[in-house]
Amino acid sequence: MNARPLLVAIAVVALVVVGAGAASGSLVPSTSCVVPRGREHVALDPVDFATSITNPWWPMSVGSRWIYRETAPDGTKQRDVVAVLPKTKAIANGVTARVVSDVATEDGVPVEVTRDYYAQDRCGNVWYLGEATTEYENGKPVSTAGSFEAGVDRAQAGVIVPARPREGMRYRQEQFAGHAEDRAEIFSLGEQVEVPFGYFRRGRVLMTRETNPLEPRVLEYKFYARGIGPVLALGVSGSGDREELVRYTRG
């Protein structure tokens, strides 16, 4: 049998199948564009990721800096400084991540010092790939509980901000069984909010509802301003803390 007509026929069939799939919208994206919801395993391809994070709901250009004030129900205040560093880290799952510093202090004394790891996939989802965190008491380190890295001890990455958020959308932010299992749901895309840094009008604010199965009583609402990132976090159950943006500098 002549192989050439057979190859041509196979090619034609393949084009028809692909074309039909594209027309119907049924083509499956690469796994890096799938937003995970629970404990399911998602295989990430490192070539699909970048350390340049441009998602409008939390752009993280190098040098950007957010300063927050966190107030507990008893009036205790902490200062939280988040800064995008010019450093990257090779994560165990193969993805290279941007390193973001997060330092919480009370009266100038460290309470918690963290290095968070983020990367953006080709679809625009911002992934959270782990953290190295240290808690302090009286200025001295006492615990690194909560630290994890995707690819180590079955820990997996999660999505911190989706590329195309829609109301009711649910996703995991992190997955390290028994240690780090934050979950989020897009609650609204049409909010408005005012914090010490400024007022953000209706339609420019994304609101999420955040929970953790390890702490079922804890419920937090978080507000992201377009072009800025997180501007307000409100603990409404399990914690009454209020964290609000005081100052922001774009890198």
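The values are calculated or read from the model by the stated rules, or taken from the named source; none is laboratory data. These figures come from a predicted structure and were not determined experimentally. Glycine gets a Cβ as well: all are built from the backbone with ideal geometry, and neighbour counts include every protein chain shown. Calculation scope for accessible area: heavy atoms of the full protein, side chains included, ligands and nucleic acids excluded. Shrake-Rupley method; radii C 1.70, N 1.55, O 1.52, S 1.80 Å.
The figures follow:
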{"quantity": "Among (1) of a type in the set (Asp, Glu); (2) within 19 Å of residue 36 (Cα to Cα); (3) assigned to a strand (DSSP E or B) - the single one residue 194 does not satisfy", "calculated": "(2)"}
{"quantity": "Scan of the stretch 153-172 for residues that are open to solvent by less than 10 Å² (accessible area, probe 1.4 Å) and touching a residue at least 40 places away in the same chain (Cβ under 8 Å), ordered by number", "calculated": "157, 158, 159, 161, 162, 171, 172"}
{"quantity": "Candidate set from the stretch 97-129 (those that are aliphatic (A, V, I, L, M), more than 17 Å from the chain's Cα centre (by Cα) and over 14 Å from residue 147 (Cα atoms)); member that is least open to solvent (accessible area, probe 1.4 Å)", "calculated": "104"}
{"quantity": "Candidate set from the stretch 200-214 (those that are open to solvent by less than 60 Å² (accessible area, probe 1.4 Å) and of a type outside the set (S, T, N, Q)); member that is nearest to residue 154 (Cα to Cα)", "calculated": "210"}
{"quantity": "Failed criterion for residue 243 (all others in (1) out of contact with any Gly (no Cβ under 9 Å at 6 or more places or on another chain); (2) charged (D, E, K, R); (3) surrounded by 18 or more Cβ atoms within 10 Å (Cβ to Cβ) hold)", "calculated": "(1)"}
{"quantity": "Any hit, the stretch 189-199, residues being small (Gly, Ala, Ser) and surrounded by fewer than 20 Cβ atoms within 10 Å (Cβ to Cβ)", "calculated": "yes"}
{"quantity": "Selection count, the stretch 130-152, where residues are among the polar types (S, T, N, Q) and surrounded by 13 or more Cβ atoms within 10 Å (Cβ to Cβ)", "calculated": "3"}
{"quantity": "Checklist (1) of a type in the set (Gly, Ala, Ser); (2) in contact (Cβ under 8 Å) with a residue 40 or more places away in the chain; (3) open to solvent by 60 Å² or more (accessible area, probe 1.4 Å) applied to residue 94, failing item", "calculated": "(3)"}
{"quantity": "Residue under evaluation residue 148, criteria (1) of a type in the set (A, V, I, L, M, F, W, C); (2) closer than 30 Å to residue 191 by Cβ; (3) in contact with a His (Cβ under 7 Å, 6 or more places away or on another chain), criterion not met", "calculated": "(2)"}
{"quantity": "Residue within the stretch 199-208 that is in contact (Cβ under 8 Å) with a residue 60 or more places away in the chain and either in contact with a strand residue (DSSP E or B) (Cβ under 6 Å, 6 or more places away or on another chain) or part of a strand (DSSP E or B) (or both) present", "calculated": "yes"}
{"quantity": "Of all residues in the stretch 215-230 being within 24 Å of residue 83 (Cβ to Cβ) and in a loop (DSSP other than H, G, I, E, B), the one that is most open to solvent (accessible area, probe 1.4 Å)", "calculated": "226"}
{"quantity": "Number of the exception - residue 43 against (1) free of Cβ contacts under 8 Å to residues at least 12 places away in the same chain; (2) assigned to a loop (DSSP other than H, G, I, E, B)", "calculated": "(1)"}
{"quantity": "Inter-residue pairs, beta-carbon under 7 Å, first more than 25 Å from residue 106 (Cα to Cα) and in the stretch 55-68, second of a type in the set (Ser, Thr, Tyr), 6+ apart", "calculated": "57/224; 58/224; 60/118"}
{"quantity": "Filtered residue count, the stretch 41-62, keeping only those that are open to solvent by less than 30 Å² (accessible area, probe 1.4 Å), of a type in the set (Val, Ile, Thr) and either under 15 Å from the mean Cα position of the chain (by Cα) or under 14 Å from residue 97 (Cβ atoms) (or both)", "calculated": "1"}
{"quantity": "Entirely in the stretch 58-173, the strands (runs of 3 or more DSSP E) that have 2 or more residues that are at pLDDT 95 or above, hydroxyl-bearing (Ser, Thr, Tyr) and under 22 Å from residue 246 (Cα atoms)", "calculated": "65-71, 96-106"}
